[in-house]
Amino acid sequence: MAKFKYKAKGKDGKIKEDKIEAPNKQKAEQILKAQGYQIISLSIDWGSIEIGGGGIPTKVVSIFTRQFSTMIGAGLPLMQCLRILHEQTENKAFKKVLSEMISDVESGLTLADAMKKHKKAFSDLYVNMVRAGEEGGALETILSRLATYLEKNEALTRKIKGAMIYPTIISIVMVIAVAVMLIFVIPIFAGMFTSFGGTLPLPTAILVNLSNFLRKNILFLIIAIVIIIVAVKSFQNTPQGRLFFDKLALAAPVFGDLQRKQVVARFSRTLATLLSSGVNIISALETTAKTAGNVVVEAAILKARTAIQEGESISLPLSKEKVFPPMVVQMIRIGEETGGLETMLIKVADFYDEEVDAAVEALMSALEPLIMVVLAVVVGGMMVAMYLPMFKMITLVSG
């Protein structure tokens, strides 16, 4: 969510200047028009943007949840648990969240309602499960399940990010090396070749022309890259943009399969965790859809939710969506028929967690030699192109 500054005329004719929070500018306009305002100006409030998005790291929430569960299980009162956790938390943003939660709970709010006010720390999934735990008198069990869920999700995300570090670093090094050669090294060789006269070999001529173009237009190229990045980011924040990029993520070669497995693992574990915590299937699917992390998958889950409301089983509407592999649908169907849906979903989640691990390892094994080959071809090709005129001159002299 971003904050936007606006100046608008109200129904009473008065000019109002204020701020509004919305996912994007178009949504902010819709909200203001729905409230009867005539917009005079609307722009993003850059001063409200926090570096890093202002969210609380999942690891911090995961540790808090595990410790909270242990304390509740040991019989400590709720408020004492929150105060102890507040004192020992090192993350300043999360310390502030806990401070506000303590005040809210003391003033009469339930723990779930206090958490609901802090969306940067606690997701809808988290809040719904805590609410179910409070209502069912099983808060310790719910927090333990939540801690396990968060730990597994954190481990999965860490593995995928870890797998991308090496190729990212190598790619950056390659781009920097090529840029340095084109901007600083090639011009020196080009000046030397020109002093000798004669015609440059085609690869060398291409390299020299590329170097000249880059040096003359480097500023414009940097500006163009920045504009493209900003435009892509802006488009990505729109509903159409999210749909486009999420479809692209699922359809991408190699990475698309990895993304699909990750999404299925998250869907299965989230739904299983909610169902085993006593949340009804309709609410569980709605919450699972919100935490899917992909709008294509979210739409598929919401379609299934609508079909279930109309009396269908879970597996039937899911089988109509291409997002979910047939094996997943079959296992869910067996779980429904045997009355062990939560157990079956956990098995699906565990299976796809292992599949993601295997896919990441396979991807790393394939990427490392591929990146080295690309690096060798690009840098080696440039070196050969630079030295070709020298070989030509040596041949002429010796001949």
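Here are a few things to note about the model shown:
- Comparing mean-square fluctuations of Ala304, Ala249, Ala74 from a GNM of the chain with C-alpha springs under 10 Å, the top value falls on Ala74.
- Using a cut-off of 19 Å between Cα atoms, the listed pairs Lys92/Lys117; Lys247/Lys320; Lys247/Lys322; Lys19/Lys290; Lys59/Lys152 include Lys19/Lys290 as exceeding that distance.
- Selected from Ala385, Ala366, Ala349, residue furthest toward positive end of dipole (the stretch 298-399; charges at beta carbon): Ala385
- Cα-centred dipole magnitude for the stretch 55-152, charges only on beta-carbon of K, R (+1) and D, E (-1), debye, nearest 20: 400 debye
- For peptides 27-34, 292-299, 140-147, 314-321, sequence by mean Cβ density within 10 Å, most packed first: 140-147, 292-299, 314-321, 27-34
- Relative contact order, percent, the chain [alpha-carbon distance under 8 Å, six or more residues apart]: 14 percent
- Mean-square fluctuations from a GNM of the chain, with a 10 angstrom spring cutoff on Cα atoms, peak among Lys152, Lys92, Lys14 at Lys14.
- Per residue of the chain, the DSSP helices (runs of n ≥ 4 H) give a summed -39500 (n - 2.57) that works out to -25000 deg cm²/dmol at 222 nm.
- Of (i) 25.2, 91; (ii) 19.8, 66; (iii) 28.4, 97, the label for Rg and Dmax of the Cα atoms in Å derived from the coordinates: (iii)
- In a simple Cβ point-charge model (Lys, Arg +1; Asp, Glu -1; nothing else charged), the stretch 80-206 has a dipole of about 360 debye relative to its Cα centre.
- Unit charges on C-beta of K, R, D, E only; dipole of the chain, Debye: 1540 debye
- Gaussian network model of the chain, Cα within-10 Å springs - most flexible of Ala385, Ala265, Ala307: Ala385
- The chain: DSSP helices with Cα axial extent of at least 15 Å and average Kyte-Doolittle hydropathy no lower than 0.5: 58-73, 139-180, 186-196, 202-236, 295-309, 341-398
- Mean-position separation - Cα centroids, the stretch 368-388 and the stretch 269-321, in angstrom: 49 Å
All of the numbers you see were taken from the coordinates with simple rules; none came from a lab. Please read all numbers here as calculations on a predicted model, not as lab measurements. As a convention, Cβ positions derive from the backbone with ideal geometry for all residues, glycine included, and neighbour counts pool all protein chains shown.
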